[in-house]
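None of the figures in this text is laboratory data; all of them are computed from the coordinates on show. Just so it is clear, the model here is predicted, and its values are computed rather than measured. All Cβ positions, even for glycine, are placed from backbone atoms using ideal geometry, and neighbour counts span all protein chains on display.
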Amino acid sequence: MLSSNQRRGAETFGYELHSALRERGVRSEICCLEPGEGGSRLPVTALANSRFSLAGLRALRRRARQARAVVAHGSNTLLACGAGLVGTGVPFVYISIGDPRYWAGTPLRRTRARWLIRRAAAVVAISPSAYEVLIQHYGLDPRQVRVIPNGRSAATFAPADSRQRAAARKQLGLPATADLVAAVGALSPEKRIDDAIAAVAMLPDVSLVVAGDGPERTALEALARRVAHDRVYFLGATDGAATVLAAADVLVLSSTSEGVPGVLIEAGLSGLPAVATDVGWVRDVVRPGGTGLLVPPARPDLLASALRSALTGRQALGSAAREHCLATFDMAAVTDEWQCVLDSVARS
């Protein structure tokens, strides 16, 4: 169960896990609470037109009764499954995709989340740090919580050679020779793409490609015209992140809130270093000075300096990033761990 069918990081992971399970012969069905608004979408059916409608909850209960277990992927689905599956006898597994403190910041919301999350048969944290927060913040039994990292397919994301990089840039209409930084994700306030644009504006020989769409796009395009004129390229929503990463030299992530961003894993598997803000559990992927560089959020000046350093050391940082992501986040190993959790819940 996904929040929406919009092609964003969390939803992409849910869809890839579903696909990986089916490839192994596991019967898996996937749906979402509501359709995404614009942009690129995953081939996932929405239960209703809004996330918490009665029609959607009834559809969820009908589908759940045919399943051995339901995976609630993200905070919106926790409410739907925690309340909507009452009385069905069907267990659900909740996967916490971000920082649990971010969406339960008030006493009332924390109390509601505590009631809902304790109804889960199992809770999956995507980081060891998230594991600690879930136990301390919600008083969960440690035996109820498992750590399974985010994952991506190493077959989909691989390093590009010079010929492939040139072809990707030509396909996307990007400059053939400039140092190129990529920002991939929703153009929403918490992603702070404006900081990435401001940082690149301080680097006159560097270009930025922005892959994604969202409510901030018009303002971001206006900012780019003012401060970096012809060096920022907006691609809009795309389902071809691998092509964007093949064209780039470094990934930038300038968010103020994250869990373990899938795009960092995609970049690492593609052999790209990342320059990212030190938020959430970004450090699980970006090891400072080893696989990339970290800076505080809302500091475009430090972001610019780190981008310059990453571009200079791109080869060594990128090789280390791929090695780390292959060892930790490859989808095959992640799926193994998920099968163990689902088998355990379905037997109980």
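Observations
- Each Lys or Arg adds one and each Asp or Glu subtracts one; over the other residues with Cβ under 12 Å from the Cβ of LEU311, this totals -1.
- Karplus 3J(HN,Hα) series, Hz, for segment 129-145 with 6.51 cos²θ - 1.76 cosθ + 1.60 (x for Gly, Pro): 5, 5, 4, 5, 5, 4, 5, 6, 6, 10, x, 6, 5, x, 5, 7, 10
- The HN-Hα couplings worked out from phi for segment 38-51 by the Karplus form 6.51 cos²θ - 1.76 cosθ + 1.60 (θ = phi - 60°) are x, x, 7, 10, 7, x, 10, 6, 8, 6, 7, 7, 9, 5 Hz, whole numbers, x standing for Gly and Pro.
- About the Cα centre, charge dipole magnitude for the chain (Lys/Arg +1, Asp/Glu -1 at Cβ), debye: 1180
- The GluC sites (Glu not before Pro) of segment 1-37 meeting both criteria, a DSSP state outside H, G, I, E and B (loop) and at most 16 other C-beta atoms within 10 angstrom of the site's C-beta, are GLU29, GLU37.
- For segment 162-329: rounded, prolate or oblate by the Cα gyration tensor [a/c cutoff 1.5]: rounded
- Projecting the Cα atoms of PHE329, LEU342, LEU311 onto the charge dipole of segment 302-348 (Cβ charges, centred on the Cα centre) puts LEU311 farthest toward the positive pole.
- What separates the Cα centres of segment 120-170 and segment 37-104 is a distance of 20 Å.
- Other residues with beta-carbon under 15 Å from the beta-carbon of TYR15 carry, at +1 per Lys or Arg and -1 per Asp or Glu, a net charge of -1.
- Fraction of antiparallel bridges per DSSP, the chain only, in percent to nearest 5: 5
- FRET efficiency for SER19 and ARG287, using Cβ-Cβ distance with R0 set to 25 Å, rounded to 0.05: 0.30
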